[in-house]
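A.B. asks: Handing you a structure now.
Where a number appears in this text, it was derived from the coordinates with a stated rule and is not lab data. Quantities reported herein were computed from a predicted structural model and do not represent experimental measurements. Cβ atoms come from the backbone with ideal geometry, glycine included; neighbour counts cover every protein chain shown.
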Amino acid sequence: MTRLDELGEFGLLAELERRGLAVGIEHDAAEVGGVVVTQDALVEDVHFRFDLLSWRDLGFRAAAVNLSDLAASGAEPLALVVSLGLPGDARVEDVVELYEGLNEPGVAVRGGDTTRADRVLLSVTALGRAERVPGRAGARPGDLVVVSGPLGSSGAAWREGRLVRPPIRLDEGRRLAPVATAMLDVSDGLAADAAHIARRSGVRIAIDLDRVPLASGATVDDLGFGEDYELLATTPDALGFAVIGRVEEGEGVALTLDGRPAELRGWDHFRR
């Protein structure tokens with residue numbers, strides 16, 4: 001019997017696909033009937049703590065991480081659907097503040113569900129429309145690897161005992177989507193997310209860490225933390241975005257720093 005903390009999140013998804021129990025889960029969002037759909041859940045003491053962020057910041061964060069997946073799909077957001085689990089002693093004023101944060105990005109909450117729970121659990125589904133979704137499977141040798149902005153801010157903030165608000169790169173996603181051969185947002189760490197594209201596309205992605213734009217106070221080690229929510233794309237045309245590497249024949253991800261091989265860890269929800 002295999003445990004989840006041995007198999008890992010992505011091993012679990014691969015197993016579900018292998019058994020035919022899930023399909024089309026290789027991208028940041030799913031296309032269903034012409035609508036782009038994505039969903040993300042935040043669990044208290046797993047993804048956040050209230051000593052590090054407010055109820056309003058939690059709401060904004062939950063909306064932003066889902067809108068980031070729409071950005072990686074080149075989509076125009078249509079609505080959010082929110083499911084919320086709360087202890088019975090939660091204050092109404094706090095819940096109102098949470099929904100103010102959810103509405104802050106300017107995408108309307110159009111429905112959802114509430115239930116009693118031992119701790120706060122917030123699940124948001126974002127709906128959008130896109131003319132073309134790059135996905136993760138189209139990267140080709142010769143493509144450039146680009147990022148939409150500086151990385152490492154979340155890792156740097158975590159070292160200081162705080163969280164930063166995720167950026168929402170919808171405009172950048174719509175600019176890249178017509179030409180990008182693959183695109184996702186950096187949520188699991190630079191190397192881990194590049195590996196998703198490499199695996200689905202059947203290519204090798206070479207990244208020069210010296211060329212990666214770093215957020216203020218960040219170091220190269222912070223690139224493995226994840227939760228930067230900038231866009232990572234492979235494209236024949238950089239469109240003015242920072243070029244950090246290239247796509248090659250082969251497999252996997254090759255990182256270099258100062259001309260030497262390097263490694264970065266990434267995030268997996270189930271790994272110990």
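A.B. asks: Within the stretch 193-216, which residues are hydrophobic (A, V, I, L, M, F, W, C), within 18 Å of residue 148 (Cα to Cα) and touching a Lys or Arg at 6+ places or on another chain (Cβ under 7 Å)?
C.D. replies: Scanning the stretch 193-216 gives 197, 206.
A.B. asks: So, in the stretch 81-134, how many residues would count as being part of a loop (DSSP other than H, G, I, E, B) and either among the hydroxyl-bearing types (Ser, Thr, Tyr) or closer than 13 Å to residue 63 by Cα (or both)?
C.D. replies: The qualifying residues number 5.
A.B. asks: A follow-up question, please. Looking at the stretch 213-233, which of the residues that are of a type in the set (Gly, Ala, Ser) and not in a loop (DSSP other than H, G, I, E, B) is farthest from residue 173 (Cα to Cα)?
C.D. replies: 224
A.B. asks: Is it true that residue 117 is more than 20 Å from the chain's Cα centre (by Cα) and surrounded by 15 or more Cβ atoms within 10 Å (Cβ to Cβ)?
C.D. replies: In short, yes.
A.B. asks: Output the number of residues of the stretch 234-267 satisfying the condition of being closer than 25 Å to residue 154 by Cα, small (Gly, Ala, Ser) and loosely packed, with under 13 Cβ neighbours inside 10 Å.
C.D. replies: Matching residues across the stretch 234-267 total 1.
A.B. asks: Filter the stretch 51-67 down to residues that are in a loop (DSSP other than H, G, I, E, B) and in contact with a helix residue (DSSP H, G or I) (Cβ under 8 Å, 6 or more places away or on another chain) and give me whichever is farthest from residue 110 (Cα to Cα).
C.D. replies: 53
A.B. asks: Now for a separate question. Would you point out which residue out of 193, 210, 188 is part of a helix (DSSP H, G or I), acidic (Asp, Glu) and surrounded by 18 or more Cβ atoms within 10 Å (Cβ to Cβ)?
C.D. replies: Details: 210 fails: surrounded by 18 or more Cβ atoms within 10 Å (Cβ to Cβ); 188 fails: part of a helix (DSSP H, G or I).
Only one candidate qualifies: 193.
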